[in-house]
Amino acid sequence: MEVLAYAPWQKRAALGRLALGLLSMGFLLWLGMGAVEDGEVGLGLGLGLIAFLVGLFLYPSAVGPLLRSGFQVVLEPEGIRVAGRLYPKDRLAWVEGPFPGGGTEAQWQRLIEVGRLSAGPLFHLVMGRESEPLWLDLPGWDRMLAHMGVDWKEQPGLVRYLHSVRGLAWLNGLLYPPAEVQEEWERARRRYQRLFAWLWIGVGLAGAALGLEAQLPENASLALLGVGVALGGYAFLALFGGKSPRDGWAEAYNPFRQKEAGGIRG
């Protein structure tokens, strides 16, 4: 018997996104209120709107994952057990996609752009007349399908989505890869963690240089600032460098495409 559950690091990552999002919202609202007090009503409303959009982003990226962090699927010899309910193996099972009848090209293109931040499940595992959400951030979701006699590679909608969707969702726990690209994804995760560590170290050093400018000798302050900017700039360009941040490695990442391109070394 195997239990599929969310990894502890996924919960920590969701908590980090929640904390960062709430801080960002608070800062934007503070700036907005200051702008309104200074008579810049339009600017204040604009900042308030941005804060509202950040709040909308928080549910699918942080609150939702935290609410289902205790979700488990038990693989038993007779089938799968979800929330205490057993779904037998002998039922005909398949994966149902987000669009009845397969969907149009335009629908799929919109889904690829925003689907990884959907507030609810995009796919369901249908078993007879019943169905359960197929959470693609649950480690081992592909083993759950296989346990019920479903090969995810034979589900056209699921294959299309996984091979097309790209970005940070793969690297921060909002999407979990199937076994076929697990090794490639683990290397990408290690690279992502290293680069973000350098980014935060750079930001910290630059912040310390600016905050301690009065206490440090001028040369030391400038050197500290230079090192911080260099480290942070290198990490940012490695993660998001390109014609736009969307073209950077982190935002363009897809484990299937990366594997086809030769993978990541180290």
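The values are calculated or read from the model by the stated rules, or taken from the named source; none is laboratory data. Bear in mind the structure is a predicted one, so any value in this text is a computation, not a measurement. In this analysis, Cβ positions are derived from the backbone assuming ideal geometry, glycine residues included, and neighbour counts consider all displayed protein chains.
Laid out as a table, the results:
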| quantity | calculated |
| --- | --- |
| Counted residues, segment 190-213 - those being farther than 11 Å from A235 by Cα and either part of a loop (DSSP other than H, G, I, E, B) or within 22 Å of the chain's Cα centre (by Cα) (or both) | 3 |
| Close pairs (6 angstrom Cβ cut-off, 6 or more residues apart or separate chains): assigned by TED's automatic domain parsing to the domain that holds G79 in segment 105-132, modelled with pLDDT under 80 and in a helix (DSSP H, G or I) anywhere | L122/G115 |
| Conditions (1) aromatic (F, W, Y); (2) buried (at least 17 other Cβ atoms within 10 Å of the Cβ); (3) under 24 Å from W9 (Cα atoms): number failed by F57 | (2) |
| Residue list for segment 133-171, filter: in contact with a Lys or Arg (Cβ under 8 Å, 6 or more places away or on another chain), hydrophobic (A, V, I, L, M, F, W, C), closer than 25 Å to G79 by Cβ and in a loop (DSSP other than H, G, I, E, B) | W135, M148 |
| Residues of segment 52-93 classified as in contact with a Lys or Arg (Cβ under 9 Å, 6 or more places away or on another chain), touching a residue at least 60 places away in the same chain (Cβ under 8 Å) and in a loop (DSSP other than H, G, I, E, B), total | 2 |
| Failed criterion for E251 (all others in (1) under 23 Å from I112 (Cα atoms); (2) of a type outside the set (G, A, S); (3) at pLDDT 90 or above hold) | (3) |
| Candidate set from segment 72-96 (those that are small (G, A, S) and out of contact with any strand residue (DSSP E or B) (no Cβ under 6 Å at 6 or more places or on another chain)); member that is nearest to A5 (Cα to Cα) | A83 |
| Conditions (1) in contact with a helix residue (DSSP H, G or I) (Cβ under 8 Å, 6 or more places away or on another chain); (2) modelled with pLDDT under 85; (3) closer than 23 Å to N172 by Cα; number of the one not met by G55 | (2) |
| Sole exception among (1) more than 30 Å from E186 (Cα to Cα); (2) in contact with a helix residue (DSSP H, G or I) (Cβ under 6 Å, 6 or more places away or on another chain) for G21, by number | (1) |
